[in-house]
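To start, the structure itself, in structure tokens.
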Amino acid sequence: MLNNVTLMGRLVRDPELRYTQNQTPVASFSLACERDTKDKTTDFIDCTAWRHTAEFINTYMGKGQLIVVTGRIQIRQWTDKDGNKRSAPEINVDNAYFAESKRKSDPDERPPMPSDADAPPDINNAPPSDLDALMQNFPGTVQFADDDGDGALPY
């Protein structure tokens with residue numbers, strides 16, 4: 001039998017991380033997934049992640065972020081306070097992925113730009129006489145031996 005789900009949606013709120021009695025991490029969250037229809041109906045899908053996946057989602061993903069999850073559908077069953085049997089589908093998440101680049105909301109959070117003094121030399125605009133000196137600054141470059149001194153590569 002095949003039970004495999006892939007969803008892309010935005011987190012409705014920050015994930016909620018809890019621990020079982022055995023200290024197993026569990027993250028619960030909801031995804032807002034738009035249907036591909038003219039009226040753009042949105043479905044709110046409950047998801048649960050366990051162990052390292054739960055900790056990853058809780059640490060790195062937050063409200064409003066577009067993510068992709070893969071997993072399987074499960075039907076959660078319980079009895080409510082009135083004694084009625086209830087059930088609801090949820091996604092048991094195996095993997096979660098970022099679906100967009102990180103937002104740049106605060107310009108102070110950007111890493112500092114390197115200064116011109118930290119920049120490597122520009123070998124594209126260097127005169128040919130300085131090329132050998134510039135190439136010494138780049139480790140791992142290939143040096144060819146000029147056996148006969150004619151400047152041609154030894155093929």
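The values are calculated or read from the model by the stated rules, or taken from the named source; none is laboratory data. This one's a predicted model, so the numbers in the text were calculated from it and none came from an experiment. Counting neighbours? That spans all protein chains shown, and the Cβs are built from the backbone with ideal geometry, glycine included.
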Restricting the stretch 96-118 to residues that are among the aliphatic types (A, V, I, L, M) and modelled with pLDDT of 55 or more, the residue that is farthest from V26 (Cα to Cα): A99
Hey, among the residues in the stretch 1-22 that are outside any strand (DSSP E or B) and closer than 21 Å to F98 by Cβ, which one's farthest from the chain's Cα centre (by Cα)? N4
Among the residues listed as I45, I75, I57, the single one being surrounded by fewer than 10 Cβ atoms within 10 Å (Cβ to Cβ), among the aliphatic types (A, V, I, L, M) and in contact with a strand residue (DSSP E or B) (Cβ under 7 Å, 6 or more places away or on another chain): I75
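Select from the stretch 23-57 the residues that are in a helix (DSSP H, G or I) and among the β-branched types (V, I, T) and list them in ascending order.
Here is the first cut: in the stretch 23-57, the residues in a helix (DSSP H, G or I) are 51-57.
Passing the criteria: T53, I57.
Restricting to the stretch 58-95, count the residues that are assigned to a strand (DSSP E or B), small (G, A, S), within 16 Å of S28 (Cα to Cα) and modelled with pLDDT under 95. Give the steps one after another, and end with the answer.
Initial filter on the stretch 58-95 (assigned to a strand (DSSP E or B)): 66-79, 85-95.
Next cut, small (G, A, S) only: 71, 87-88.
Adding the requirement that they be within 16 Å of S28 (Cα to Cα) leaves 71, 88.
Now drop any that are not modelled with pLDDT under 95, which leaves 88.
Total meeting the criteria: 1.
Of the residues R18, R13, only one is in contact (Cβ under 8 Å) with a residue 12 or more places away in the chain and basic (K, R); which? I'd like the intermediate steps shown before the answer.
Details: R18 fails: in contact (Cβ under 8 Å) with a residue 12 or more places away in the chain.
Result of the check over R18, R13: R13.
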